[in-house]
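Visitor: Handing you this structure, nothing more for now.
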Amino acid sequence: MICIDDMNDWCGFLGGHPQAKTPNMDKLAEQGVNFINAHCTSPGCSPSRNALLFGVEPHNSGLYPFYNINKIESGVLEKYMPLPLLFRENGYTTCGLSKVYHNPDNTYRQAEQWDEYFMYGIGKKKTLITEKGYHPEPFNKRTISCPAANPLEDFGDYKAAMHAVRFLEKKQDKPFFLAVGFILPHTSFIMPEENWDRFSEPIVEPPFKADDLTDVPMAGQANAQIYVEIPVRQDNAWEDIRRGYLASINFTDDNVGRVLQALEKSPYADNTIIVLWSDHGFHLGEKRSFSKFSLWNEATRTPFIILDPRNKTGNGKACAEPVGLINVYRTLADLTGLEVPGYVDGQSLAPWLKDPSKPMDQPAMTTWGRGNYTLRTKGWRYTRYFDGTEELYNESDDPNEWTNLAENPEYTALKKKFAKWLPTKEAPQVASGRELYNVADADSPTKNIQAYKRYVEQYKEEGLQPPLD
């Protein structure tokens with residue numbers, strides 16, 4: 001299981017950016033089933049990974065924002081069987097590397113879940129930063145984007161890849177569950193100089209509309225991180241930031257290639273299932289936003305590939321049906337013949353591995369805060385916020401989600417049809433262990449909106465171009 005942090009569709013196999021260089025992941029997509037309409041359970045590292053690894057939707061667990069799950073009060077999580085523990089209790093050797101859970105949650109029941117675990121981090125503190133790229137003043141770890149002159153051996157993701165290589169080179173006496181977490185392209189965008197230099201041409205700007213947010217409800221607008229765009233606009237840094245993001249993905253692709261090549265050379269190549277996912281997408285200016293934390297396509301869409309070497313009918317094909325990462329738990333258990341706990345949400349995607357064109361009868365749902373949900377089908381996105389406000393996009397005609405149709409009475413019946421898939425019951429938010437909480441939702445309806453309005457005023461006072469409206 002290859003777990004990638006913050007990678008959107010800027011990869012060759014999803015076609016999100018024309019300059020993407022991801023040959024190793026592209027090869028995997030060509031060999032397995034490429035889910036081209038896959039969406040995260042939540043557009044934030046912590047809630048997304050908690051949902052995937054526990055197998056439970058946020059509206060059922062109450063794990064809506066970010067947590068240090070080691071600090072959640074006793075009794076809240078004990079009813080869940082973590083995915084690595086499911087495999088270990090069924091006779092598998094389990095090995096976890098770097099970011100599988102959200103950090104610092106990797107220490108959660110660590111000895112119980114893993115036979116072998118090591119966190120390599122990203123190695124930022126010892127990097128030999130070059131003069132290339134964007135160096136914000138004052139320093140901002142979220143937007144710095146530049147190469148480092150260190151040797152490969154200094155980079156945490158390379159270390160994680162090589163640990164996985166060594167694991168695959170060993171003789172394994174039992175079946176194994178190997179989870180390899182790569183932190184890039186999470187900020188900071190610091191990668192080897194070689195990867196930066198592969199992007200020497202001007203970086204193509206993604207589709208962009210200056211007044212994109214004018215037809216979006218305030219609960220949705222507040223997800224656009226204007227406070228990041230202000231210094232980026234002031235420094236005219238979008239070009240370097242996007243270059244750094246592409247170069248970071250390229251470095252991750254190198255490391256994915258190292259692991260896959262080791263598997264190909266091993267005795268396990270013909271009977272090892274490979275699943276690759278990113279915990280959510282990422283904005284780089286689209287919807288006037290940077291980072292994740294929204295219910296728009298750039299934040300919810302995620303790379304998702306499954307290669308089962310036993311699959312003789314579906315491999316080598318793309319699946320355009322809407323699927324959610326909540327289905328990973330049941331799918332991996334189904335493919336390996338393990339019984340899942342009754343509480344686990346989602347469904348097995350095994351039928352779609354055999355026939356990727358099989359219709360999906362329900363939309364993929366993403367949650368961001370209690371009361372905020374978006375539903376994605378092949379042709380539409382419907383979003384309802386905690387205050388009842390809505391967004392509706394025709395993805396076939398408007399893939400950039402520039403025209404909100406929610407107020408058009410022509411689509412009243414369609415919205416009602418979508419609304420049937422929204423949760424009818426919501427677990428209360430788990431309060432203990434909570435850390436980052438940066439969304440306007442049913443439990444915090446005003447704080448994030450007020451902050452957003454202040455930053456909008458600052459943006460206007462700075463006279464930054466293009467204007468927001």
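The values are calculated or read from the model by the stated rules, or taken from the named source; none is laboratory data. Please read all numbers here as calculations on a predicted model, not as lab measurements. Don't worry about glycine lacking a Cβ; one is built from the backbone with ideal geometry, like all the others, and counts go over all protein chains shown. When the accessible area is computed, the model is the full protein with side chains, heavy atoms only, and any ligands, DNA or RNA have been set aside. Shrake-Rupley method; radii C 1.70, N 1.55, O 1.52, S 1.80 Å.
Visitor: Loop only by DSSP, 16 or fewer other Cβ within 10 Å of the Cβ. Give me the GluC sites (Glu not before Pro) in region 256-361 that pass, ordered by residue number.
Guide: Those satisfying the criteria are Glu339.
Visitor: Let me ask something else about it. Looking at region 239-332, I'd like the Rg to Rh ratio, where Rg is from alpha-carbon atoms and Rh is Kirkwood's inverse mean 1/r.
Guide: Ratio of gyration radius to Kirkwood radius for region 239-332: 1.02.
Visitor: Using only helices, what value at 222 nm comes out for the chain when you add -39,500 (n - 2.57) per DSSP H run of length 4 or more and divide by the total residues, to the nearest 500 deg cm²/dmol?
Guide: Computed ellipticity for the chain at 222 nm equals -8000 deg cm²/dmol.
Visitor: Given a Förster radius of 35 Å and the C-beta distance between Asn236 and Thr272 as r, what FRET efficiency does 1/(1 + (r/R0)^6) yield to the nearest 0.05? Display every interim value, and only then the final one.
Guide: On the way: r = 47 Å, r/R0 = 1.34.
Between Asn236 and Thr272 the formula returns 0.15.
Visitor: So which GluC sites (Glu not before Pro) in region 1-96 are both in a DSSP loop and have at most 16 other Cβ atoms within 10 Å of their Cβ?
Guide: Hits after loop and neighbour filter: Glu73, Glu78.
Visitor: Each residue of region 59-70 in order: what ³J(HN,Hα) in whole Hz does its phi give by Karplus 6.51 cos²θ - 1.76 cosθ + 1.60, θ = phi - 60°, with x for Gly and Pro?
Guide: 6, 9, 9, x, 8, 7, x, 8, 9, 9, 5, 5
Visitor: Between Val33 and residues 5 or more places away or on another chain, which pairs have amide H atoms under 5 Å apart, with H built 1.01 Å from N, and which residues are they?
Guide: Amide H neighbours of Val33, under 5 Å, 5+ apart: Ile306, Leu307, Asp308, Gly316.
Visitor: Relative to the compact globular guide of 2.2 N^0.38 Å, what is the alpha carbon radius of gyration of the chain, as a ratio?
Guide: Values: Rg = 21.3 Å, N = 469, 2.2 N^0.38 = 22.8 Å.
Taking the Cα Rg and dividing by 2.2 N^0.38 Å, one obtains 0.93.
Visitor: While we're on this one: Which distance in nm do the two modelled labels at Arg198 and Lys447 give, with both placed 7 Å along the Cα-to-Cβ direction?
Guide: 4.1 nm
Visitor: At a Förster distance of 60 Å, what's the computed FRET efficiency of Asp361 paired with Phe118, Cβ-Cβ distance as r, to 0.05?
Guide: 0.90
Visitor: Here's a follow-up. If exposed chymotrypsin sites (Phe, Trp or Tyr not before Pro) are those in a DSSP loop with at most 14 other Cβ within 10 Å, what is the longest stretch of the chain that has none?
Guide: On the way: sites that count: Phe139, Tyr343, Trp421.
Counting only loop sites that pass the neighbour cut-off, the longest clear stretch is 140-342.
Visitor: Provide the per-residue ³J(HN,Hα) series for region 261-267, in order, calculated from phi with Karplus coefficients 6.51, -1.76, 1.60 and θ = phi - 60°, each as a whole number of Hz, with x at glycine and proline positions.
Guide: With the stated coefficients, region 261-267 comes to 5, 5, 5, 4, 7, 8, x Hz.
Visitor: Can you list residues whose amide H is under 5 Å from Gly324's amide H, if they're 5+ apart or on another chain and H is modeled 1.01 Å from N?
Guide: For Gly324, the qualifying residues are His39.
Visitor: Shifting gears a bit: Calculate what fraction, in whole %, of the accessible area of the chain sits on carbon and sulfur atoms when a 1.4 Å probe is rolled over the protein chains.
Guide: 49 percent
Visitor: Could I ask something else about it? In whole Å and largest first, what semi-axes does the C-alpha gyration tensor of region 1-97 yield when each eigenvalue is scaled by 5 and square-rooted?
Guide: Semi-axis lengths for region 1-97 are 30, 18, 11 Å.
Visitor: Taking amide H positions as placed in the peptide plane 1.01 Å from N, state which residues far from Ile4 in sequence (5 or more) or on other chains have amide H under 5 Å from it.
Guide: Phe182, Trp277, Ser278, Asp279
Visitor: Can you work out the FRET efficiency for the pair Lys378 and Ile129, with r the C-beta to C-beta distance and R0 = 45 Å, to the nearest 0.05?
Guide: The formula returns an efficiency of 0.55 here.
Visitor: Still on this structure, I have one more. For region 172-234 and region 237-306, write down the distance between their C-alpha centroids in whole Å.
Guide: 10 Å
Visitor: Quick one: 3J(HN,Hα) in Hz for region 25-41, Karplus 6.51/-1.76/1.60 with θ = phi - 60°, rounded, Gly and Pro as x.
Guide: Ordered by residue, 3J(HN,Hα) equals 5, 4, 5, 4, 4, 5, 8, x, 9, 9, 7, 7, 10, 9, 9, 6, 7 Hz.
Visitor: Quick one: accessible area per residue over region 218-296, 1.4 Å probe, rounded to a whole number of Å²? Please report the intermediate quantities before stating the final value.
Guide: On the way: 1940 Å² over 79 residues.
Spelled out: the 1.4 Å probe surface of region 218-296, per residue, equals 25 Å².
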